[in-house]
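The values are calculated or read from the model by the stated rules, or taken from the named source; none is laboratory data. The shown structure was predicted, so the numbers you read here are calculated from the model rather than taken from an experiment. Counting neighbours? That spans all protein chains shown, and the Cβs are built from the backbone with ideal geometry, glycine included. The area values use the complete protein model at the heavy-atom level, side chains included, leaving out ligands, DNA and RNA. Shrake-Rupley method; radii C 1.70, N 1.55, O 1.52, S 1.80 Å.
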Amino acid sequence: MAQDEQDVALRVGHDELRIRGVYETISIINDVMVALWFVVGSILFFSESTTTTGTWLFLIGSIQLLVRPLIRLSRRVHLGRAGGGSPNETARDF
């Protein structure tokens, strides 16, 4: 091991893993729903008679895009309360 390399010990509790897992699942479900709203809305734009419905689905998808940062904020607050401090973030959190 080179002199500038150091071992890093991370303490991750069961509750933190469970909380992260729950919020990751919620985030994935949210992302899939956003994609579905936009795909179905796009298909509905092909016909003039369904354009209004497609527009509403685009609006729902756009509003739901706001949900993702709210999920992240909720996760951060929940982890902070469970761990007694500010949680460390990982690439999986985004």
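Before moving on, here are some points about what is shown:
- Taking other residues whose beta carbon is less than 15 angstrom from the beta carbon of I60, and scoring Lys, Arg as +1 and Asp, Glu as -1, yields 0.
- Sorted largest first by accessible area at a 1.4 angstrom probe radius, with every protein chain in place, the residues H78, H14 fall in the order H14, H78.
- Inter-probe distance in nm under a simple model that places probes 7 Å from Cα toward Cβ, at I63 and S49: 2.7
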